[in-house]
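The values are calculated or read from the model by the stated rules, or taken from the named source; none is laboratory data. Quick caveat: nothing in here was measured; it's all calculated off a predicted structure. Please note: Cβ atoms are built from the backbone with ideal geometry, for glycine as well, and neighbour counts cover all protein chains shown. Side chains are part of the model used for accessible areas, which takes the heavy atoms of the whole protein and leaves out ligands, DNA and RNA. Shrake-Rupley method; radii C 1.70, N 1.55, O 1.52, S 1.80 Å.
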Amino acid sequence: MTLTTAGWISPTHLLEDFLEPCTPSPSVAPRLRRLLSILTASLVAGLLVAPALPAHGSVPARGVPSRLVYINGTPQLGGDPTVGGLLKVDISQTFAHVSPEGGAPSVSYSWTRDGVEIPGASGLTYRATSADLGRVIAANVTVVYDADSQLTVQAANPLRVAAAVRARGFRGDGTLDIFARDSSGRLLLYPTDGHGNWQATQVIGWGWNNFDLLVSPGDFDGDGTVDVMARDAQGRLFLYQGNGSGGWKKAFQVGQGWQGFKDLVAPGDFNGDGTNDILAKDNSGNLFLYPGNGRGGWLSPYKIGPGWESYYVVGAGHFLGTSDLVVLTRPFWGNLEVRTTQRNGWFEEYGLPGGFAGSIGWGWESVARIGVAGDFNGDGDSDVYGIDSVGRLTMYLGDTSGIRHSGIYGYRWKGSPVVGWGWGNFTAVF
């Protein structure tokens, strides 16, 4: 007997028949007593009523006791918990059955925001909106055999939705684009159509050669649009607010004294409070978390750990298609490594310098620049771009289809097409 939703299986004969001679277990005995009580009451009632029935009268229908619905294995909530991201319920390891058996069940879903049901959200997936920013999203799964035999459970791992990430695109269309600065100080935007094709290049700024570090943190000020951060030679850090259509609102200073950092990394919402954050690596290899406050400012920073001096570090968001946040690292020997956090402000300590989940590539020492800006070919998986020593831009197409069953060792690449030339002439790409 199989549920109507793919992936659910209803095992048979998991419970002994209530009427089979046996010694009932403590959990079955009360149900036996209730069933015998109902049967006895029904029999007595029948004896009392029968003499008064007409010769050809029919016996009135009697209520049937509800059957017991069980679920083994809790549904799991996962996906990309950011504004614009797709959340989904995984029921592949969840099994339902009913006793006494009979009939094929149906499955339905409902979603809640801070405990309140979201109107119209009734599918296996849910795409987070701006109304969900900072709120906790949960999913409920209901199994129905009949009107009196149903059960509703909440999927494990309700998720707080974070601000829009870099992958949502500078033009607000949800497609990948790449920022690049040329030798004259122009800031260029290379947008795509979401299907693996470049669109017309845009000049979106001049005079950007005054900055020595550039990074895009996604939506840092909470207005729903992707922003850019820039550090000048005096150590001042500026936030350039995107307007969501390929231009700017305004720029203002958000810090000073940042000259002691060698690199700035934008992982997304690292501490799970719904706002985007920055990882800063100093010249000694210490890594610090600077949590954003969601309004263009900061909460208290703290040191995550030492030992990062030999690592090229790239923020990758929800790269694996799960709610875990990812940064990619490349050590001097060239492996492309995945490091994860459960958005609790720390890397998962599977290894040093923290959160090592495994390698997904080898030979990356020949790649001069590496970055993650979203989904290039529109298949739903984030991709990695790399620029080699001769200026070729290669897009490494990610494939997370094996992650659920095999973890990081199930990660694959769908291909690595060359999608551009002459990218070695840029003084910054991010």
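Some notes on this structure:
- Annotation: per residue accessible area for region 93-146 equals 45 Å², rounded to a whole number [probe 1.4 Å, protein chains only].
- Using Cβ point charges alone (K and R +1, D and E -1), the dipole size of region 282-364 about the Cα centre works out to roughly 220 debye.
- Counting only protein heavy atoms and using a 1.4 Å probe, the accessible area of His405 comes to about 130 Å².
- Residues of region 405-430 with amide N under 20 Å of a point placed 7 Å along Cα→Cβ from Ser92: 405-415
- Other residues lying with their Cβ under 13 Å from the Cβ of Leu287 contribute a combined charge of 0, Lys and Arg counting +1, Asp and Glu -1.
- Accessible surface of region 303-349 [probe 1.4 Å, protein heavy atoms]: carbon and sulfur percent: 52
- Under the criterion of Cα pairs below 8 Å and six or more residues apart, the relative contact order for region 336-430 equals 20 percent.
- Computed in the context of the full set of protein chains, the accessible area of region 84-225 at 1.4 Å probe radius has 49% of its extent on carbon or sulfur.
- Over region 147-215, accessible surface divided per residue gives 42 Å², non-protein components excluded, 1.4 Å probe.
- In this structure the amide hydrogen of Gly355, modeled in the peptide plane, comes within under 5 Å of the amide hydrogens of Glu348, Glu349, Tyr350, none closer than 5 places in sequence on its chain.
- Bridgeable lysines around Lys281 (alpha carbons under 24 Å apart, same-chain partners fewer than 8 residues away excluded): Lys262, Lys303.
- In the full protein context, region 315-430 carries 42 Å² of accessible surface per residue, based on a 1.4 Å probe and ignoring ligands, DNA and RNA.
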